[in-house]
Amino acid sequence: MPENITEDFNIVASTITFTEDYDEPNGAHLLAYWRELKGDRDRPLWSQFDFLDVMYIAPLLIIKDVIDGGVEFRNRYWGTEHVEMDHFDGTGKVFADFYKPEDVPDILKLYRQPLTTTVPMVMRGTLHYQEASSWREYSSLCVGFTDENGTVDKLVTAYDL
């Protein structure tokens, strides 16, 4: 996996790109909202985020807290559609709680990428942390939100399943 974003890459069962082009409905809604909030800044402030503004896509959102600059990520919010489809609630969990141990280092590297670029991260492929019989195709868009100091401290991902 690249340390700095220079090209698209694959990880486990997904293809990762960095682009502001995304036309699936949930991710497109999040992207439009993110752009509106950020204005002329690189990224919007987390304090601007309001669930009421994204209520209709909230069931398919996952929000991660960035811990220690990306050493780890903890799920702050795990949308109800994910709970129903995955048969577990990922709220409060870190990657090691629901990914295979051999995949965790690459997943951590993957989610560190949005900390270093202002371009949204698009993931397309097969969700792979469930049992094989539950695997399904997905597309998602991940964007960063910052604290008052300009540090990315939240990642918001909208899924289109």
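Report, by residue number, each residue of region 115-136 that is under 16 Å from His82 (Cα atoms), in a strand (DSSP E or B) and either among the hydroxyl-bearing types (Ser, Thr, Tyr) or at pLDDT 95 or above (or both).
Thr126
Has region 11-18 got any residue that is out of contact with any Leu (no Cβ under 8 Å at 6 or more places or on another chain), at pLDDT 95 or above and outside any strand (DSSP E or B)?
Checked region 11-18: no residue is out of contact with any Leu (no Cβ under 8 Å at 6 or more places or on another chain), at pLDDT 95 or above and outside any strand (DSSP E or B).
Please find, within region 37-60, the residue that is surrounded by the fewest Cβ atoms within 10 Å (Cβ to Cβ) out of those that are under 21 Å from Thr118 (Cβ atoms), touching a Ser or Thr at 6+ places or on another chain (Cβ under 7 Å) and of a type outside the set (Lys, Arg).
Asp42
For Val83, are the conditions met, namely being surrounded by fewer than 17 Cβ atoms within 10 Å (Cβ to Cβ), of a type in the set (A, V, I, L, M, F, W, C) and either part of a helix (DSSP H, G or I) or touching a helix residue (DSSP H, G or I) at 6+ places or on another chain (Cβ under 9 Å) (or both)?
Judged against the criteria, Val83 is a match.
Can you tell me which residues in region 69-82 are among the β-branched types (Val, Ile, Thr) and within 17 Å of Val156 (Cβ to Cβ)?
Residue satisfying the conditions is Thr80 alone.
The values are calculated or read from the model by the stated rules, or taken from the named source; none is laboratory data. Bear in mind the structure is a predicted one, so any value in this text is a computation, not a measurement. Cβ sites come from the backbone with ideal geometry, for glycine too, and all protein chains shown count toward neighbours.
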